[in-house]
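Below is one structure, written out as structure tokens; the observations come after it.
The values are calculated or read from the model by the stated rules, or taken from the named source; none is laboratory data. Being a predicted model, the structure only gives us computed values, none of them experimental. Reconstructed Cβ throughout: ideal geometry from the backbone, glycine too, with neighbour counts over all protein chains shown.
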Amino acid sequence: MNRWKGKLLTALSVTLVIVTALTGCSDSKGKNNTEGPSSKPSEPTENASGVFELGAEPLEFSFYGHYDWYTMPEWGADLATQWIKENKKVNVVPVSSGGAAKNKLSTMIVSGELPDVMWMERGADVEKLRAEGMLVPFDDYLDKYPNLKKWAGDATLDMLRSPDGKLYQFPNWYTTQPNGNAGYLVNKKIYNELGAPSLETTDDLYSYLKQVKAKYPDVTPLEVGQTASGVDIMVSAFAENRPFTFNPMLAVPQDNELVSLFTDPVYRELIQYASRLYREKLMTQDAFTQKLEQVEQKIVTGKVAVYVASSPTEFGSKGNMELSTHDPEAGYIMVWPVHKEGLDRNKIFPGDYKQLGWNVNVITKSADNPEAIFAFLDWLTGPEGQRTIMWGPEGLYWDGVDGEEVPLFTDKFTSDPKGRDELMNSTVNFQWNGNTVYVDNSKMKFESTLPPEKRNWETYWQSEITWKTQFNTTAYVNLDPAGDSDEGIIAQRVLEIYEQARAKAISTASSDEQVLAILDKAEADAQQAGYAKLLKFKTERWQENVSKLEATK
């Protein structure tokens, strides 16, 4: 799945209108109106040990994904959620953002009708809701329902705790080992027809793109995705141990403080390189206007020579299957991340991973039975839940488990890749609390038993390249200030300056010198907006994270 959507230019916090709404709709005790939009189950059924028994009686709760792009599929329409609905008696009622998540959340808060569960970015937004007394803490549930504590670990959960010391966030795709898909996808047929030249350095890549442009005029030499997000992935090529994370973070670590991105030599070299590719029409010319669907269409139809992205395997897997079905010589491969001449290729990290994973689930006080909901989420993040939501119910693509609770995949798992992938794609948008270690290790254990030609395309490249080239950026989580704070207002202005300067430097600059002039102007504008104060705030949050991580070693 694409675990990146919306992350590159992450919304920094809830807008002032939402902050106002948060304050206005709370009662004197800090609790919002608990009448939610969905019907509620009766009190949880508990067994003799006082633990809620999932499946003993119906459980229904409302679920809201706080993203413009997210629309929850129909619960029970696919094999996995149908099995959960029938066997665990769980029904999930969607609450849609309508493509305007911030406005939707504001409206729900003002009306006092928060959904039972909200799936959202961790950080300032969650803390605003927590501070207003709208969220349910999980501390009393962790030992009763042990999957989250077992698989995430105390170190990860402690990083997620709020200033009051309590845990309100249930993480998604948390991990204790590298994961991620960022990197470079290469059109195999074009590459071989051009003689399979070296693609190790930035100079190699530049030369290769020129060859593609000359021989394949109907092909995009370098696809960088929607909003040119792939450009940020390429910053890794210009310095060792430099993931893209620092670009959207708008700050770069230098010794023990975070400093300006606009004056950073590595970032400036990246933008010069990207501008050069754009000027010479070696890069997507509509990168700042194209839609994600257009990017996917180009990949699937083979109209791209190289695609750099945070998760190129998502479209690459589809494209590889489609192209290779019609032509055995066609499809996609991945190459080791490119690097500037003179750098150590083993210290180039185009992507990142965090112990905390991607985003989080919070349970609001609108929920009549928060413990029952937590019990379900904990089951879903455990081995049985993960097997079901990833590969469907038992008996089709897996049958039984081994001593480590790893699913025993059936022959159909490899003989019916189309059906398997269709099932897996149907549940992607239900993967709210993914257990990275369990899922990845299960895939790898099975794949290691297969000959190379029968291995899953995506899993193969993850094991060969992408998981080996992701950088641990756990120390840089939760650096964004609250939107209504002085730093939050500054952050919004600096983000606007960053976006405008980035687009202008890449798509309009006529020379390297002009690129630098645009970035110099951005630096001056950012400093005038209070950038130094923002960097000081982020440095303090970063150092707090460092201290927390050191304390757990």
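Quick notes on this structure:
- Test result for Tyr278, touching a residue at least 12 places away in the same chain (Cβ under 8 Å) and out of contact with any strand residue (DSSP E or B) (no Cβ under 9 Å at 6 or more places or on another chain): yes
- On the stretch given as the range 318-331, residues that are over 20 Å from Ala287 (Cβ atoms) and surrounded by 23 or more Cβ atoms within 10 Å (Cβ to Cβ) total 1.
- Neighbours by Cβ (under 6 Å, 6+ apart or cross-chain): first from the range 167-192, closer than 12 Å to Asp440 by Cα; second among the β-branched types (Val, Ile, Thr) and in a strand (DSSP E or B): none
- Of everything listed in (1) outside any helix (DSSP H, G or I); (2) within 17 Å of Tyr70 (Cβ to Cβ); (3) at pLDDT below 95, the single unmet condition for Val126 is (1).
- Helices (runs of 4 or more DSSP H) wholly inside the range 224-324 containing at least 2 residues that are over 20 Å from the mean Cα position of the chain (by Cα): 265-279, 292-300
- Boolean, Leu377 is surrounded by 16 or more Cβ atoms within 10 Å (Cβ to Cβ), part of a helix (DSSP H, G or I) and modelled with pLDDT of 90 or more: yes
- In the range 150-168, residue nearest to Phe63 (Cα to Cα) [restricted to those that are in a loop (DSSP other than H, G, I, E, B) and touching a Pro at 6+ places or on another chain (Cβ under 9 Å)]: Tyr168
- Condition broken by Val428, with the remaining ones in (1) buried (at least 19 other Cβ atoms within 10 Å of the Cβ); (2) under 16 Å from the mean Cα position of the chain (by Cα) satisfied: (1)
- Residue check, Val401 within 18 Å of Trp173 (Cα to Cα), in contact with a helix residue (DSSP H, G or I) (Cβ under 9 Å, 6 or more places away or on another chain) and of a type in the set (A, V, I, L, M, F, W, C): no
- From Gly395, Gly403, Gly357, residue being among the small types (Gly, Ala, Ser) and either surrounded by 23 or more Cβ atoms within 10 Å (Cβ to Cβ) or assigned by TED's automatic domain parsing to the domain that holds Lys89 (or both): Gly357
- For first residues located in the range 522-548 and under 13 Å from Met249 (Cα atoms), partners that are of a type in the set (Asp, Glu) and outside any helix (DSSP H, G or I) and lie 6+ apart or on another chain with Cβ distances below 7 Å form the pairs Thr539/Glu257.
- Criterion: closer than 22 Å to Lys85 by Cβ, aliphatic (A, V, I, L, M) and not assigned by TED's automatic domain parsing to the domain that holds Asn87 - qualifying residue of Ile363, Ile389: Ile389
Conditions (1) small (Gly, Ala, Ser); (2) out of contact with any Pro (no Cβ under 9 Å at 6 or more places or on another chain); (3) outside the structural domain of Ile373 (by TED's automatic domain parsing); (4) surrounded by fewer than 19 Cβ atoms within 10 Å (Cβ to Cβ), marked per residue:
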position: Val95; (1), (2), (3), (4): no, no, no, no
position: Gly98; (1), (2), (3), (4): yes, yes, no, yes
position: Lys104; (1), (2), (3), (4): no, yes, no, yes
position: Met118; (1), (2), (3), (4): no, yes, no, no
position: Glu121; (1), (2), (3), (4): no, yes, no, no
position: Leu135; (1), (2), (3), (4): no, yes, no, no
position: Leu148; (1), (2), (3), (4): no, no, no, no
position: Phe170; (1), (2), (3), (4): no, yes, no, no
position: Ala196; (1), (2), (3), (4): yes, yes, yes, yes
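- Subset of the range 468-500 that is in a loop (DSSP other than H, G, I, E, B) and not polar (S, T, N, Q) - its residue that is modelled with the highest pLDDT: Leu479
- Check on Ser415, among the hydroxyl-bearing types (Ser, Thr, Tyr), within 29 Å of Lys85 (Cα to Cα), at pLDDT below 95 and touching an Asp or Glu at 6+ places or on another chain (Cβ under 6 Å): no
- Residue count for the range 435-456, restricted to those that are touching a residue at least 60 places away in the same chain (Cβ under 8 Å) and touching a strand residue (DSSP E or B) at 6+ places or on another chain (Cβ under 8 Å): 2
- Residue, nearest to Leu199 (Cα to Cα), within the range 212-244, restricted to residues that are of a type in the set (Ser, Thr, Tyr) and surrounded by fewer than 24 Cβ atoms within 10 Å (Cβ to Cβ): Tyr216
- Contact annotation: residue pairs with Cβ atoms under 9 Å, 6 or more positions apart or on different chains, pairing a residue in the range 340-356 that is in a helix (DSSP H, G or I) with a partner that is surrounded by 18 or more Cβ atoms within 10 Å (Cβ to Cβ) and of a type in the set (S, T, N, Q), are Asn346/Thr469.
- Count - residues of the range 48-93 that are touching a Phe, Trp or Tyr at 6+ places or on another chain (Cβ under 6 Å) and either surrounded by fewer than 16 Cβ atoms within 10 Å (Cβ to Cβ) or in a loop (DSSP other than H, G, I, E, B) (or both): 1
- Checked against the criterion of being modelled with pLDDT of 95 or more, at negative phi, touching a helix residue (DSSP H, G or I) at 6+ places or on another chain (Cβ under 7 Å) and of a type in the set (S, T, N, Q), the range 139-155 contains one or more residues that satisfy it.
- Arg279 more than 26 Å from Leu479 (Cα to Cα), in the same structural domain as Ala505 (by TED's automatic domain parsing) and modelled with pLDDT of 95 or more: yes
- Among (1) under 30 Å from Leu549 (Cα atoms); (2) touching a Gly at 6+ places or on another chain (Cβ under 9 Å); (3) surrounded by fewer than 17 Cβ atoms within 10 Å (Cβ to Cβ) - the single one Thr156 does not satisfy: (3)
- Top-ranked residue of the range 169-188 - restricted to ones that are polar (S, T, N, Q) and in a loop (DSSP other than H, G, I, E, B), ranked as nearest to Trp467 (Cα to Cα): Asn179
- Test: residue in the range 436-450 that is over 30 Å from Val335 (Cα atoms) and either among the acidic types (Asp, Glu) or in contact with a Phe, Trp or Tyr (Cβ under 6 Å, 6 or more places away or on another chain) (or both): no
- The sole residue among Val515, Val477 that is β-branched (Val, Ile, Thr), within 28 Å of Glu240 (Cβ to Cβ) and in the same structural domain as Thr539 (by TED's automatic domain parsing) is Val515.
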